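Structure, as structure tokens:
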Ligand SMILES: NC(=O)c1ccc[n+]([C@@H]2O[C@H](COP(=O)([O-])OP(=O)(O)OC[C@H]3O[C@@H](n4cnc5c(N)ncnc54)[C@H](OP(=O)(O)O)[C@@H]3O)[C@@H](O)[C@H]2O)c1
């Protein structure tokens, strides 16, 4: 049976790989494609550039929505799919981080599936499928460590956007690549995992694993641990989410264990990369702290990419914004958007001080 796919964020790194996956599978049909500003004419029968993308979704009537938008801008798409019980293949982690409680309530009402596309979360999802929650001791998310792993703060003071954009193992859009260099990406993923799997933060650990071959690991209460391995290639989790539960074939080769795989793990350096620590704190405080973390980070990363902010000051902007917000839980979407706007305003004020 054909699955009608709506691809939102079709022109980005995830979006382009998703088009490749859809084209390779006759059972997947791209019924709608959208972007923020880049033309998408001809990519699907229904297309839209910018504006209210839920209008496109209403017309397209998809079976699955792949949300590959970057940033908080992806929130309406996430909520649209969850509220209607349409399967959501979620790459746009920022929407779940910012609106976790509202998104889970929408999923509860809608009753659809939330299929993670982030490689670590896809792995964690597969490792936990069919397991009793009580049997899980803890979840381990792996981080490549980014291009600046092992450096000291002094060595990071003058790094340029070009240096930060040179990721060692993943080829991705600019925002997530900077987030990988600061470890904010793993911070966002920690909060994402909390909402996706309902695990308390104390049961979610992050370890640095430079070759990105192990994507996640689950420790069980009997002392056994299961790991998910594969070459770092986003087409695998994209395909898994779009063809779930069939696990369709992809062009990615099977893992060759005899060609010198390196499986090393180390603790993250939370002093040099405080954004991971700040994410855990924001997640544990709950309310709209994760929303503020995400908003301030988006503002700071954009300023860094524009050459208006130093690399190390990204964390300062986020930390100071978190100290300034109220953090009360949002009762509805309007209150959440207010929190996002307020955190962006506060982060913008910090930028002026840092400039
Ligand atoms: N890239 C990866 O390997 C990877 C891995 C795991 C998770 N993710 C997550 O997947 C998401 C997308 O990442 P990416 O690397 O693919 O980003 P990207 O290459 O920058 O692409 C972003 C996409 O979002 C669209 N977009 C931006 N603002 C929009 C708006 N206001 N309304 C509608 N569409 C908008 C862009 O359209 P335009 O072309 O018009 O700007 C583009 O299609 C992020 O949340 C990221 O964290 C990515």
Only one of (1) within 11 Å of the ligand (Cβ to nearest atom); (2) surrounded by 24 or more Cβ atoms within 10 Å (Cβ to Cβ); (3) under 25 Å from residue 248 (Cβ atoms); (4) in contact (Cβ under 8 Å) with a residue 40 or more places away in the chain does not apply to residue 5, and that is (1)
Exactly one of 242, 226 is surrounded by fewer than 18 Cβ atoms within 10 Å (Cβ to Cβ), touching a helix residue (DSSP H, G or I) at 6+ places or on another chain (Cβ under 9 Å) and not in a loop (DSSP other than H, G, I, E, B), and that one is 226
Do any helices (runs of 4 or more DSSP H) entirely within region 1-117 hold 2 or more residues that are in contact with a strand residue (DSSP E or B) (Cβ under 9 Å, 6 or more places away or on another chain) and over 25 Å from residue 290 (Cα atoms), and if so, which?
13-24, 53-60
Index of the failed condition, residue 247 passing every other in (1) without any contact (Cβ under 8 Å) to a residue 24 or more places away in the chain; (2) touching a helix residue (DSSP H, G or I) at 6+ places or on another chain (Cβ under 7 Å); (3) within 15 Å of the ligand (Cβ to nearest atom):
(3)
Among the residues of region 28-74, how many are closer than 18 Å to residue 93 by Cα, surrounded by 24 or more Cβ atoms within 10 Å (Cβ to Cβ) and more than 10 Å from the ligand (Cβ to nearest atom)?
1
Of everything in region 8-27, what is closer than 18 Å to residue 118 by Cα and more than 12 Å from the ligand (Cβ to nearest atom)? Give them in sequence order.
20, 21, 22
Taking residue 333, is it within 27 Å of residue 101 (Cα to Cα) and over 21 Å from the mean Cα position of the chain (by Cα)?
no
Subset of region 164-208 [part of a loop (DSSP other than H, G, I, E, B), more than 10 Å from the ligand (Cβ to nearest atom) and touching a residue at least 24 places away in the same chain (Cβ under 8 Å)]
168, 169, 183, 198, 199
For region 153-163, indicate whether the set of residues that are closer than 29 Å to residue 291 by Cβ, within 16 Å of the ligand (Cβ to nearest atom), out of contact with any helix residue (DSSP H, G or I) (no Cβ under 6 Å at 6 or more places or on another chain) and part of a helix (DSSP H, G or I) is non-empty.
no
Scan region 133-174 residue by residue and report those that are over 19 Å from residue 276 (Cα atoms) and touching a strand residue (DSSP E or B) at 6+ places or on another chain (Cβ under 8 Å).
135, 136, 137
Given the conditions (1) under 24 Å from residue 308 (Cα atoms); (2) surrounded by fewer than 20 Cβ atoms within 10 Å (Cβ to Cβ); (3) touching a helix residue (DSSP H, G or I) at 6+ places or on another chain (Cβ under 7 Å), and given that residue 181 satisfies all but one, which numbered condition is not satisfied?
(2)
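Rule-based calculations on the coordinates, nothing more; no lab input. Quantities reported herein were computed from a predicted structural model and do not represent experimental measurements. Positions of Cβ are backbone-derived with ideal geometry, glycine not excepted, and every protein chain shown enters the neighbour counts.
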